[in-house]
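Asker: Pasting a structure below so you can have a look.
Every read-out reported here was derived from the displayed coordinates using simple, explicitly stated rules and does not represent laboratory data. From a predicted model like this one, the values you see are computed outputs, not experimental measurements. Glycine also receives a Cβ, built like all others from the backbone with ideal geometry; neighbour counts cover every protein chain displayed.
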Amino acid sequence: GNSVTQMEGPVTLSEEAFLTINCTYTATGYPSLFWYVQYPGEGLQLLLKATKADDKGSNKGFEATYRKETTSFHLEKGSVQVSDSAVYFCALRDPIQGGSEKLVFGKGTKLTVNP
Amino acid sequence: KAGVTQTPRYLIKTRGQQVTLSCSPISGHRSVSWYQQTPGQGLQFLFEYFSETQRNKGNFPGRFSGRQFSNSRSEMNVSTLELGDSALYLCASSPLPTGTGWNIQYFGAGTRLSVL
């Protein structure tokens, strides 16, 4: 089945630093790709998405570009804030039986931003 | 519009007991999926319900079951609890069944189950 490999954390940065979290995928075809964020004590929130090659998803200063050549969907932000401290998950839609789909997630990367 | 609501937020059980978790989807959403999140295995798909029917189930033993009601609310049940069932259980809802065009899933805050 399809799978996602995400850089292991934790990642610790100072405020206003540049952020990159690497994500690569293995899939048949070109599945939709997502980044979800999980703040402490909360569920998952969709951060951004891309549905086809070369699409760029963006939200709240975060960006990720769907690169089919390198099968990657790296998350970037030019200047992180303390409030960005959270766990970030890369995910893809994986078709399963009966026409349904499930989300397949990476292991998650914990980001801590210090003032 | 209220988000996905999961109750209870925290639960402590002992081995051998059973537990029922509840998920109320966003109003108008008819698909509910459940995921288990553990430090070791990460996020894993449990099952999806749409229109009171289970569409699919992940690789979990038969002790894990679920159902969906006519108002789209869903429950999942775990019988004969084991220590390894300790996890955060997340519910996600979407307007349409998964696999239908562009259909985003919205997650609840989860129920944290601890099995002692």
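Asker: Counting only pairs 8 or more residues apart or on different chains, how many lysine pairs in chain A have their Cα atoms under 14 Å apart? Spell out each step's value before the answer.
Answerer: Values: A:Lys49/A:Lys60; A:Lys52/A:Lys68; A:Lys56/A:Lys68; A:Lys56/A:Lys77; A:Lys60/A:Lys77.
Here the count comes out as 5.
Asker: Return the distance in nm (one decimal) between the two label points of a simple spin-label model at B:Ala2 and B:Ser27, each offset 7 Å from Cα along Cα→Cβ.
Answerer: 0.9 nm
Asker: Within 10 Å of each Cβ in peptide B:94-105, how many partner chain Cβ atoms are there on average? Round it to a whole number, please.
Answerer: Mean number of neighbouring Cβ atoms from other chains: 4.
Asker: Restricting to Cα pairs below 8 Å that are 6+ residues apart, what does the relative contact order work out to for the stretch A:10-110? Please round to a whole percent.
Answerer: The value is 32 percent.
Asker: Next question. Unpartnered cysteines of the protein assembly as shown (Cβ-Cβ under 4.7 Å counts as a partner)?
Answerer: Here no cysteine comes out as lacking a disulfide-compatible partner, given the Cβ-Cβ threshold of under 4.7 Å.
Asker: Would you mind checking the stretch B:46-66 for residues with the amide N under 12 Å from a putative spin-label position 7 Å along Cα→C-beta of B:Lys13?
Answerer: B:63-66
Asker: Also, quick follow-up: Shielding of B:27-35 by partners, i.e. mean partner chain Cβ atoms within 10 Å per residue?
Answerer: Whole-number average of other-chain Cβ neighbours for B:27-35 is 1.
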